[in-house]
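To start, the structure itself, in C-alpha cells.
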Amino acid sequence: MRKASSNWLGKTVMSVMFGVLIISFGIWGIADIFKGFGQSSLAKIGSTEITTEQFRNLFTDRLQQISRRFGRPLTAEQARQFGLDRQVLQDVIADAAVDETVRNMGLGQSDADIVRAIQNDPNFKGLDGKFEHERFVQLIRQAGYTEQRYIAEQRKVALRRQLTGTIVAGLEPPKTQIEALVRFQNEQRSANYVRLTAAQAGTIDPPSPEALAAYFEDRKQLFRAPEYRKIAMLALTPDEFAKSITISDDDAKKVFEQRRERYATPERRQVLQIPFPNADEAKAASERIKAGTSFEDLAKERKLTTADIDLGTVAKSSIGDSALADAAFALAPNTVSEPVKGALTTALLKVTKVEPGTNPSFESVAPAIKREMALDRARTQMQDLRNKIEDERGGGANIAEAAQKLGLKATTIEAVDRSGRGPDGKPVTGLPQGVDVVSPAFASNIGVENEPVQYNGGELWFDVLGVTPSRDRSLDEVKDQVQARWKDEQIATRLRAKAAEMVGKIEKGATLDAEAAAAGVKVETAKLFKRDSDAKDIPERLVAAAFRTPKDGVGQTEGNGATEWIVFKVTDIAVPPVDLASDDVKKLTDNLRRAEMEEQLTAYIAKLETEIGVSINQNAFAVATGAASAQ
C-alpha cells in the first residue's frame, strides 16, 4: 500500500478513503474473522447475509464513483493495491451491524419524514428553491439509483443516524486539550537572519573535462531522457456538441410555457408574527394595538425578541401554515392583521417589506432556454455517437482513426513525458484541462483499448500510438545542464561550510551583525510568525528551523534551493493567551469533536460486531474484487 500510495492515483484514492470515518482492520481484528464457507455467500453479519453478487455491485459502484469524481478510470487491481476492496468490505460490515441493531431495537422512520428530508435536500431544488421531481430522478439515476432504491437507502441512513447520534451526543473535547493545541498553533517566534548566496561562495573555477566527465558518469541517471508517449485523444462533451444544435423559437416557447413558474420569481415579504395560546388573548392584543400600542412593544411585553417574531423575507409557499400565509400576503405593508387562526396557533401578523415578484418575458430567458434544450439534445445525440465510436474501436480502429471516419476531430500529442512536458522540456500544449490523461496513458500501452474518462459532462477517449523508451543521454547532449549542476553543488558545499563557521563564532560570543558585515550581507528580521506561516517574505525552511531552536539560539538551514543558505538567531518567543470564544478556537473545537465522535463510533461498531458476530468468506471476497477467478 505504501508503494501504491506514492503516485498521484494512490494519493487521490487514499485521501478519499481516509477523509471519511475509517474503521481499520487492525482495530477490528478483521484477520481473525475470515472463515471458509459457501461460495454464494460473502459475509454474514448476525442474521444479515451479503452475497458475492451484492458485494461485487457495491465494489463496482465505489470504483465508478471515484472514477467519476476524478475523471480517471480506476481498475479493480489498482483499488486492491490501495486497500479500497477491504475499505468497501468494512463499510458494508459496519452498515450491516448498525442495521441489525436498529432492527433488534425496533427503531422506525415514517414515510413523511423520509419524503420531507428528500424534498428539503438542496441538491434536488430548482432555481426557484422548490423541489423538482425531474431533477431528483435525473440525479439519483446518474448515481446509479432507482427512485425506490434511493428512498429505501435514505430510510436506512436516517435510522442509522438515530442510533449513532445517541452514541456521540454530548461529546466535547477537554478544555485542557483545546488550550494545549491552541497554544501550539498560535505560538509565535521572531528571528534575525542572513542569506548566504553564490556571492559568498567565492569564485568557482570551471571543472576540467576529466572532472566533468567523471561527475557525469557518477550521476548519469539524473540526466537520462525520459520515456515519451504519443497519445491520440477525442473529447465528446455536451457543451461542444450543443454548439452545432439549433433550437427554434417555437420549440423554446413551448418549454417556456411549460416551465413558466420556474422562470418567475415569487413575491416575497418580510413577515412578523406574535403567536398566542388562544383566540381571546389574540383579540385582546389586537384591541391594544388599535388603541395605540405598537406591535414591537407588545412583543417585548411577551418576552419575545426580534428573532422570535421575524419569519424572515419569505415567499408565500415558504410559510407552512396556509391560513397564516394567505393572511400575510393579503396584508398591506406596515399594518397589523386581525387575529389569524392557524393550524397550531392564533397570531397577529405584520408585513414590514414587500419584494414584488417577477414574470420574465420569453425574450429575456430565451437564450438560457435554448442553451438548456441544446444541451439536453446533445446528451441524447451523444449517446448514439458514443456507440458509433465504440463500434469503431471494437473493430480495431484506434481513436484517431475512429474520429476521422466519423468526421470528428481528434488531438494527437506527438511526444509527452510523465510530467506533461515535451522533448524541449516545456509543458505540452493541447492536453485537456481539468483531467489527467498522461498518467493513465503511461499505465497503458500501444494497442490497449482504454476506458473513456469522464470529462466536462461527457467523455474523453485516448489511445497510446507510440512509445519512445527512456535512454541515457551523452555528455555532449546535456553538457550545459551538467556544468550548471556541478557548479550548484560546489556553491552549496561552500555555503554550508560558511554557515557552520558563522554559527560557531556566534555561539562563542560574536554577533550576527558583525558576522553579516564581514560576509557582506544584510541582517533581515522576521517578526512573530507561526508554525503554519505562509508569509512570502519569510523563507519557508527558516520557519521550521526556528521552531526547533530555543530563544537566543543560533542555527542554520537551507534557503530557497541549494545555492542559498540561512544563518539565524531566534530573538523572541511569544505565546498569546487562549481565547476560547474566537472563531479559530471554535473551528478547532469542532474538528476535535468530530474526531472524538469518529473514535467513539469506531469503538461502538466494533462492540456491535463482536456481539452480533461476523463471518467472511475469503474466497468469495477475492472473486468479487477480481483477485481470484470463480472456480
Charge dipole of region 333-457 about the Cα centre (unit charges at C-beta), most positive-ward option of Val336, Gly425, Ala415: Val336
Within region 422-440, the residues whose backbone N lies under 18 Å from a label point placed 7 Å from the Cα of Ala484 along the Cα-to-Cβ direction are 422-428
Just grab the label-to-label distance for Asp572 and Glu301, each label 7 Å out from Cα along the Cβ direction, in nm (one decimal). 5.9 nm
Between Ser474 and Ser615, what FRET efficiency follows from the Cβ-Cβ distance if R0 is 60 Å, with the result rounded to 0.05? 0.45
Pairwise centroid distance, computed over Cα atoms, of region 500-577 with region 106-161, Å: 58 Å
Using a probe of 1.4 angstrom, how much of the accessible area of the chain is carbon and sulfur, in percent? 49 percent
Counting only residues 5 or more apart in sequence or on a different chain, those whose built amide H sits under 5 Å from that of Val428 are Arg421, Gly422
What residues from region 345-360 fall in the zone where the backbone N is under 20 Å from a label point 7 Å along the Cα-to-C-beta line of Lys290? 346-351
How much length is gained on full extension from Ala517 to Thr335, taking 0.36 nm per residue of separation minus their Cα-Cα distance? 57.6 nm
Using the heavy atoms of the protein chains and a 1.4 angstrom probe, tell me the accessible area per residue for region 168-294 in square angstrom. 55 Å²
For helix 279-290, what angle does its Cα long axis make with the longest principal axis of the chain, in degrees from 0 to 90 and rounded to 10? 80 degrees
Charges only on Cβ, +1 for Lys and Arg, -1 for Asp and Glu: so what's the dipole of the chain about the Cα centre, in debye to the nearest 20? 440 debye
Between the alpha carbon centres of region 360-381 and region 296-322 the gap in Å comes to 40 Å
Which label in [x] 29.2, 111; [y] 34.1, 108; [z] 33.8, 96 gives the computed Rg and Dmax of the Cα atoms in Å: [y]
Nearest 10 degrees is fine. How inclined is helix 133-142 to the longest principal axis of the chain, computing both from alpha carbons? 30 degrees
Roughly what angle does helix 583-612 make with the longest principal axis of the chain, taking Cα atoms, 0 to 90 degrees, to the nearest 10? 80 degrees
For Asp239 and Glu179, extending 7 Å from Cα along the Cα-Cβ vector and measuring point to point gives, in nm, a value of 5.3 nm
Going 7 Å from the Cα of Asn387 toward and past its Cβ, which residues in region 126-162 have a backbone nitrogen under 20 Å from where you end up? 142
From DSSP H assignment alone, runs of 4+ in the chain each adding -39500 (n - 2.57), the sum over residues rounded to the nearest 500 puts [θ] at 222 nm at -15000 deg cm²/dmol
Taking a crude spin-label model, label points 7 Å out from Cα along the C-beta direction, the Thr493 to Arg141 distance in nm is 7.0 nm
Tell me which lysines have Cα within less than 25 Å of Lys300's Cα, excluding those fewer than 8 residues away on the same chain? Lys283, Lys290, Lys341, Lys350, Lys353
Once you keep just the Cα pairs under 8 angstrom separated by 6 or more residues, what percentage relative contact order results for the chain? 27 percent
Dipole of the chain, positive end: most advanced residue of Ala366, Gln270, Pro550 [Cβ charges, Cα centre]: Pro550
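The values are calculated or read from the model by the stated rules, or taken from the named source; none is laboratory data. As the structure is a computational prediction, the values presented were derived from the model and not from experiment. Virtual Cβ from ideal backbone geometry, glycine too; neighbours counted across all protein chains shown. Just so you know, the surface numbers come from the protein's heavy atoms only, side chains and all, with ligands and any DNA or RNA stripped out. Shrake-Rupley method; radii C 1.70, N 1.55, O 1.52, S 1.80 Å.
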